[in-house]
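Undergrad: Before I ask anything, let me first share the structure, which is written out below as structure tokens.
The values are calculated or read from the model by the stated rules, or taken from the named source; none is laboratory data. Nothing here was measured: the structure is a model prediction, and the numbers come from that model. Note that each Cβ is placed from the backbone with ideal geometry, even for glycine, and that neighbours are counted across all protein chains shown. Accessible surface areas use protein heavy atoms only, side chains included; no ligands, DNA or RNA. Shrake-Rupley method; radii C 1.70, N 1.55, O 1.52, S 1.80 Å.
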Amino acid sequence: MNYKIIHETTYLFDGDVFLEPHYLRFRPKQTPFIDVTHFSISLKSAPQGHSIIEDEEHNTIDFCWFETLTNRLTIHVESYLETKDHNPFNFIIHPDSFNTLPFTYSEHQYQILFASLQKQALNQELLDYANMILNAAQCNTVAFVTNLTTQIHQDFIVEYRESGPPMSPNQTFKLKRGSCRDLTWMQINILRNHGIAARFVSGYFYFDMEKPIYELHAWVEVFIPGTGWLGFDPSHGMLTGNTHFSVASSAIAANTMPVSGGIRGSATSQLLTQLTIEKQ
């Protein structure tokens, strides 16, 4: 199947500003079941320099720097993807000890996964919620992560929130609602509190709808030996497949933001976004 993604982001300023260097995260990742057949990015105001770099967590980033004053920054991105059949359950866990919680990563794994194991303190209500699901899964690792994903989808209302960092896990749990990044961050911290390495993923998700309205999406990836990094989407209660198009993944949610950069000047800004995903 082929997909066309057009994503345009505009920052309008009410006065001239100088743009500091910007990190842009819009390139879909190539995977064994997703081929990126074309990618283009254009900016207005045009940057003075543009390089493509790999960050600390192996995300590909467009790094741009500027030299003139402007009152607008528009980022226009086009991506063309070709997907292949993919069965997210096609794995075995190895060594077998990782089938049951709690488990322990090897020393080398722990060193590499350290950032994805750093957890926030959770209140007792949220811990009890997770432990109920763990006990029902009889401490089976995949059953726990899968059932947790499904339960969050059933118990929480997904709402759109254009900007801002994820809410704290305790706040999301108390409200029983949140954006995809709020639910994702809550699930990540539940998993980390059970010793499972988990990271935040930002990207695109295609699904058929009558009146298509697409936004950047967020989900969870966990690392279990034998599965590699395996994706779970709490907003939709499912494992990720070949219609989840990852752009950036990180132990820290802020490191997956599509645009990171500052300005020099006192102007205020307005953010406009437009995203279309077409199946071709």
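Undergrad: Provide, in order from the shortest bin, the percent of all Cα-Cα pairs of the chain in each 5 Å bin, continuing until the bin that contains the maximum pair distance.
TA: Per 5 Å bin, starting at 0, the Cα pair percentages come out as 1, 5, 12, 15, 17, 16, 13, 10, 6, 3, 1, 0, 0.
Undergrad: If you don't mind, another one. Given the convex hull of the Cα atoms of region 58-138, what is a quarter of its surface area in nm²?
TA: 11.9
Undergrad: A follow-up question, please. Using the Kirkwood radius over C-alpha pairs as Rh, can you work out the diffusion coefficient of region 112-193 via Stokes-Einstein at 20 °C, viscosity 1.002 mPa s, in µm² per second?
TA: 163
Undergrad: For the chain, what % of the accessible area comes from carbon and sulfur atoms, probe 1.4 Å?
TA: That fraction is 52 percent.
Undergrad: Another question, if that's okay. Got a sec? What order do THR268, THR9, THR31 fall in by accessible area at 1.4 Å, biggest, i.e. largest, first?
TA: THR268, THR31, THR9
Undergrad: Suppose we keep just the alpha-carbon trace of region 159-280; what are its Rg and Dmax in angstrom?
TA: Looking at region 159-280, its Cα Rg and Dmax stand at 15.5, 51 Å.
Undergrad: Please work out the C-alpha center-to-center distance from region 195-242 to region 153-169 and express it in whole Å.
TA: So the separation of the two Cα centres works out to 14 Å.
Undergrad: To continue, here is another question. Which value, in Å³ per residue, describes the convex hull spanned by the Cα atoms of region 91-248?
TA: Roughly 116 Å³ of hull volume per residue.
Undergrad: Give a residue-ordered list of calculated ³J(HN,Hα) values for region 100-107 (Karplus: 6.51 cos²θ - 1.76 cosθ + 1.60, θ = phi - 60°; whole Hz; x for Gly, Pro).
TA: Result, ordered by residue: 10, 9, x, 10, 10, 5, 5, 4 Hz.
Undergrad: Okay, next question. Taking Cα pairs under 8 Å and at least six residues apart, what relative contact order does the chain come out at, in percent?
TA: 30
Undergrad: Let me ask something else about it. Compute the semi-axes of the equivalent ellipsoid of region 186-236, taking the square root of 5 times each eigenvalue of the Cα gyration tensor, and list them largest first in whole Å.
TA: Over the Cα atoms of region 186-236, the ellipsoid semi-axes are 26, 12, 8 Å.
Undergrad: Under a GNM of the chain (C-alpha, springs under 10 Å), which listed residue has the highest mean-square fluctuation: ILE34, ILE53, ILE190?
TA: Evaluated over the chain, the most mobile residue of the options is ILE53.
Undergrad: Still on this model: Counting only heavy atoms of protein chains, what accessible area per residue, in Å², does the chain have with a probe of 1.4 Å?
TA: 50
Undergrad: Next up: To the nearest 0.05, how large is the calculated FRET efficiency for THR68 and THR31 if R₀ is 30 Å and r is the Cβ-Cβ distance?
TA: Efficiency, rounded to the nearest 0.05: 0.20.
Undergrad: Suppose R0 equals 22 Å; then what is the FRET efficiency for SER45 and LEU271 from their Cβ-Cβ distance, rounded to the nearest 0.05?
TA: Rounded to the nearest 0.05, the efficiency is 0.85.
Undergrad: If the elastic network links every pair of Cα atoms under 10 Å, which of LEU230, LEU69, LEU19 fluctuates the most in the Gaussian network model of the chain?
TA: Evaluated over the chain, the most mobile residue of the options is LEU69.
Undergrad: Tell me the Kirkwood radius of region 220-280: reciprocal of the mean inverse pair distance over distinct alpha-carbon atoms, in Å.
TA: Here the Kirkwood hydrodynamic radius works out to 15.2 Å.
Undergrad: Among the lysines, which fall within straight-line cross-link reach of LYS211, defined as a Cα-Cα distance under 19 Å, with same-chain neighbours fewer than 8 residues apart omitted?
TA: LYS4, LYS279
Undergrad: Between region 128-146 and region 47-62, how far is it from one alpha carbon centroid to the other, in angstrom?
TA: 39
Undergrad: Can I ask one more? I'd like the orientation of helix 180-193 relative to the chain: the angle between its Cα long axis and the longest Cα principal axis, in ° from 0 to 90, rounded to 10.
TA: Result, in degrees: 40.
Undergrad: Now, a different point. Evaluate the charge dipole of region 188-280 about its Cα centre and quote only its size in Debye, nearest 20, assuming +1 on the Cβ of each Lys and Arg and -1 on the Cβ of each Asp and Glu.
TA: Using Cβ point charges on Lys, Arg, Asp and Glu, region 188-280 gives about 320 debye.
Undergrad: In whole Hz, what ³J(HN,Hα) sequence does region 147-160 give by Karplus (6.51, -1.76, 1.60; θ = phi - 60°), x for Gly and Pro?
TA: 5, 4, 4, 5, 5, 4, 4, 6, 9, 10, 8, 8, 10, 8
Undergrad: Let me check I have the definition right: for region 6-156, take the eigenvalues of the Cα gyration tensor, multiply each by 5, take square roots. What are those semi-axes in whole Å, largest first?
TA: That gives 41, 21, 17 Å for the three semi-axes.
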